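Accompanying notes for the structure given below.
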Amino acid sequence: MPQHIGIVGCSAEGAALCYATICVEGAGLLGPHAHPEVSLHTISLAEYFKCTGRGDWQGVAELMLTSAHKLAQMGADFLICPANTMHQALPHVLPHSPLPWLHIADAVAEHAVERGFRRIGLLGTRWLIESEVYPEKLGERGLESVRPSAAERDELHRIVVDELVCGTFKPDAVTYNQRVIERLKDDGCDAVVLACTEIPLIINDANSALPTLDSTRLLARAALRRAASG
């Protein structure tokens, strides 16, 4: 039997994309219409943003652990969180977690190595971009990471927090992300991580100047492989 996947949700749009990817792509591993058992628990995004806004990663960890314990009670075998930003709290989460976790940046870094990329641009919230979540995981595999400028971080952050997590997808947001990707390409990047759960809803290989590393779907696929392996 496939293992039971527990999803610690954060934003509705990101959790929904992760869940749908697991269910739809499960058929490729398990047969027509099949997917592993999946449980999702999410605390209000407002509670997460109260913590991230003041840099309280211990507070974020406590929220994630609340979900983790509930998912363990539901029978999950392991956990994933499709919210990139919240992975900054994982060092506080793991010592107290009732279940093992897959790390979103591990899934992205492994895929980047498989595709032969070397210099990776980062897109995401300011909280994520200014953290070591991706530089650390990419660096462990000999990959270089490139952050957007301070002004770019501010606007990327605003687009995510004010628009994308609310299900608002504007042409101007697409254009701005494309412009940042083009500058990262000019800076020598050979790929870009969509390191915000919602960015894959507006940016993909078809409208990006660089190959994209879709963190949400890559995590979902890593979870599928682990679940299918039993």
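Annotations
- Helix 12-25 axis, angle to the chain major axis (alpha carbon atoms, nearest 10°): 70
- Taking the accessible area of the chain, probe 1.4 Å, and keeping the other protein chains in place, the carbon and sulfur fraction comes to 50%.
- GluC sites (Glu not before Pro) restricted to region 102-139 and DSSP loop, no more than 10 other C-beta within 10 Å: none
- In the list (1) 37; (2) 60; (3) 43, the label attached to percent of Cα pairs over 25 Å apart as derived from the coordinates here is (1).
- Net length gained if the chain between residue 115 and residue 94 were fully extended (0.36 nm per residue, minus Cα distance): 4.6 nm
- Computed extension length for residue 70-residue 27: 12.8 nm, one decimal, from 0.36 nm per residue of separation with the Cα-Cα distance subtracted.
- Distance in nm between pseudo-label sites at residue 1 and residue 179 (7 Å out along the Cβ direction from Cα): 5.3
- Partners for residue 70 among aspartates and glutamates (Cα-Cα distance below 13 Å; same-chain residues under 8 apart left out): 62
- Nearest-ten-degree value, helix 171-186 long axis tilted from longest Cα axis of the chain: 70
- Size of region 100-230: Rg and Dmax of its alpha carbons, in Å, are 14.1, 45.
- Accessible surface computed residue by residue for region 70-112, with neighbouring protein chains in place and a 1.4 Å probe, gives 35 Å² per residue.
- Separation of alpha-carbon centers, region 173-203 and region 33-112, rounded to whole Å: 25
- Extension gain, residue 158 back to residue 144 (0.36 nm per residue minus Cα-Cα distance, nm): 2.5 nm
- Here the convex hull built on the C-alpha positions of region 52-129 has a volume of 100 cubic angstrom per residue.
- For the chain, modelled as a GNM whose springs connect Cα atoms under 10 angstrom apart, the maximal fluctuation among 56, 77, 214 occurs at 56.
- Helix axis angle, 104-114 relative to the chain longest principal axis, alpha carbon, degrees: 70
The values are calculated or read from the model by the stated rules, or taken from the named source; none is laboratory data. The model shown is predicted, which means the values in this text are computed figures rather than measured ones. Please note: Cβ atoms are built from the backbone with ideal geometry, for glycine as well, and neighbour counts cover all protein chains shown. Quick note on the areas: whole protein, heavy atoms, side chains included, nothing else; ligands and nucleic acids left out. Shrake-Rupley method; radii C 1.70, N 1.55, O 1.52, S 1.80 Å.
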